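Encoded as structure tokens, the structure appears first; notes follow it.
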Amino acid sequence: MKALTLKQIKSPLELLERDEPSPGSAEVVVKLTAAALNRRDYWITQGMYPGIKPPVVLGSDGAGVVDQTGVNAEPFWQDREVIINPGLNWGHDKSVQSNDFTILGLPRDGTFATKVVVAASQLHEKPAHLNWQEAAALPLAGVTAYRALFSQGGLQSGETLLITGIGGGVATFALQFAVAVGATVWVTSSSPEKIRRAIDLGAKGGFNYREEGWSKQLLKAAGTPSLIIDSAGGAGYESLLSIAAPGGRIINYGATAGPPEKIDLFKVFWKQLRLQGSTMGSPDDFAQMLKLVETHKIRPVIEHVFPLSEGNEALQLMKSSPQFGKYVLTID
Ligand SMILES: NC(=O)c1ccc[n+]([C@@H]2O[C@H](COP(=O)([O-])OP(=O)(O)OC[C@H]3O[C@@H](n4cnc5c(N)ncnc54)[C@H](OP(=O)(O)O)[C@@H]3O)[C@@H](O)[C@H]2O)c1
């Protein structure tokens, strides 16, 4: 098999020939047709992630056909078209992952390869309305958006919501999911073009977070959102405390712009805000996310598709985030 492998931090991934994998007793081998990138893959190549031990095959998202099943894996899965839940060993507590939780694609070899070995319990049938590339784009970002919006955010139909940095893969899913359940969604972005694309997907409107006074414009147009979904943190986080409605929730699943410079606790306690962290999702979140996607026939937004051999080009693009939605790799 071939695998795009990280051999050294801050060096391009190398497409290497590796031994054919065989499944452990409760595992399967999936012959991959497509994989997708997440910012995590980029952070890992830059050494900005805990526990990096090269050589490792990156990639958390993948879709393909089950090629081999282990002796104790459900024979049902043989030859099925599947997607993979990349959250491994979540554990039994829905409120937080166990200490054994890991994500496919570090430390365990991931999906930037022609084949991947996973536990059969990580498999789900590929949603029938999605093509291979769309199916591969869904898992990690989809489950993260679902948990942030619903399991942690408690989003209700008709509620007003703000999603920051809408070009992001997770953010784009959050927009699609929230629109599907009838929320009123506003967005921020560094790019007017991305705001326009978000409006095409059902957002009410958007504001450029790099422009002075964007939060005042938002308050004028949208009022105070009762739910905010953020993955940027950084200096802009403080303005989210001002924008949020009294009693509002701010759900954070990332810190792309680093830690907030300041958190005004007076605003937090006086407005009775809930600041809530969120990471990926439980197996139940994953199943619920798939149900939502299937019910509303949601199709992931794909910015560009590269062949596996050009995975480094996709990773390089992530440095400056020109994308709206996901980068996908096709695998033959
Ligand atoms: N906790 C988890 O389980 C989990 C899961 C997935 C991702 N994450 C984290 O969440 C973040 C986003 O991940 P992703 O895969 O969706 O990334 P991505 O597709 O690479 O998106 C990055 C986006 O972040 C936005 N952004 C950058 N700086 C910003 C700022 N100062 N203010 C507002 N938005 C800003 C940009 O939006 P515009 O282009 O619109 O300006 C950019 O397109 C990353 O930090 C990632 O590590 C965490």
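Which pairs in the list 7/94; 194/262; 126/220; 204/271 are over 31 Å apart, alpha-carbon to alpha-carbon? Pairs exceeding 31 Å: 7/94; 126/220.
Across the range 143-277, Cα-Cα pairs more than 17 Å apart make up 53 percent of the total. Principal-axis analysis of the Cα atoms of the chain puts helix 283-295 at an angle of about 80° to the longest axis. Stretched out straight at 0.36 nm per residue, the stretch from residue 220 to residue 239 would grow longer than its current Cα-Cα span by 5.4 nm. Each principal axis of the Cα cloud of the range 201-332 was evaluated for its coordinate range; sorted largest first, these ranges are 56, 33, 27 Å. Under a model in which nothing but the beta-carbon of Lys, Arg (+1) and Asp, Glu (-1) is charged, the range 259-328 shows a dipole of about 340 debye around its Cα centre. Peptide packing for 18-29, 55-66, 167-178 was compared via the average number of neighbouring C-beta atoms within 10 Å per residue; ordered from the highest value, the list is 167-178, 55-66, 18-29. Rounded to two decimals, the Cα-based Rg/Rh of the range 83-161, with Kirkwood Rh, is 1.01. With both residues required to sit in the chain, DSSP beta bridges show an antiparallel share near 55%.
Rounded to the nearest 0.05, the FRET efficiency derived from the C-beta distance between residue 22 and residue 316 at R0 = 35 Å is 0.55.
Full extension of the segment from residue 11 to residue 332, taken as 0.36 nm per residue of separation minus the current Cα-Cα distance, would add 113.1 nm. Dimensions of the range 103-145 from C-alpha coordinates, computed as largest minus smallest value along each principal axis and given longest first, are 31, 24, 20 Å. Along the axis of the charge dipole computed for the range 143-277 (Cβ charges of +1 for Lys and Arg, -1 for Asp and Glu, origin at the Cα centre), the listed residues 214, 275, 259 are led at the positive end by 275. Would you list, by chain and number, the lysines whose Cα falls below 18 Å from the Cα of residue 10, excluding same-chain residues fewer than 8 positions away? Cα-Cα hits under 18 Å: 53, 319. Among the trypsin sites (Lys or Arg not before Pro) in the range 258-295, those located in a DSSP loop and surrounded by at most 11 other Cβ atoms within 10 Å of their own Cβ are 262. Under a Gaussian network description of the chain, with springs only between Cα atoms under 10 Å, the residue in 86, 300, 322 that fluctuates furthest is 322. Summing Cβ point charges (Lys, Arg +1; Asp, Glu -1) relative to the Cα centre of the range 108-238 gives a dipole of roughly 100 debye. For the chain, the C-alpha radius of gyration divided by 2.2 N^0.38 Å, with N the number of residues, is 0.98. In terms of overall dimensions, the range 93-223 has a Cα radius of gyration and Dmax of 17.4, 52 angstrom.
Label-to-label distance for residue 92 and residue 284 is 1.3 nm, based on points extended 7 Å past Cα in the beta-carbon direction. As a length-normalised measure over Cα pairs under 8 Å and 6 or more apart, the relative contact order of the chain settles at 19 percent.
Where a number appears in this text, it was derived from the coordinates with a stated rule and is not lab data. On a predicted model such as this, the values are computed, not experimentally measured, just so you know. Neighbour counts are summed over all protein chains in view; Cβ atoms, including those assigned to glycine, are modelled from backbone coordinates with ideal geometry.
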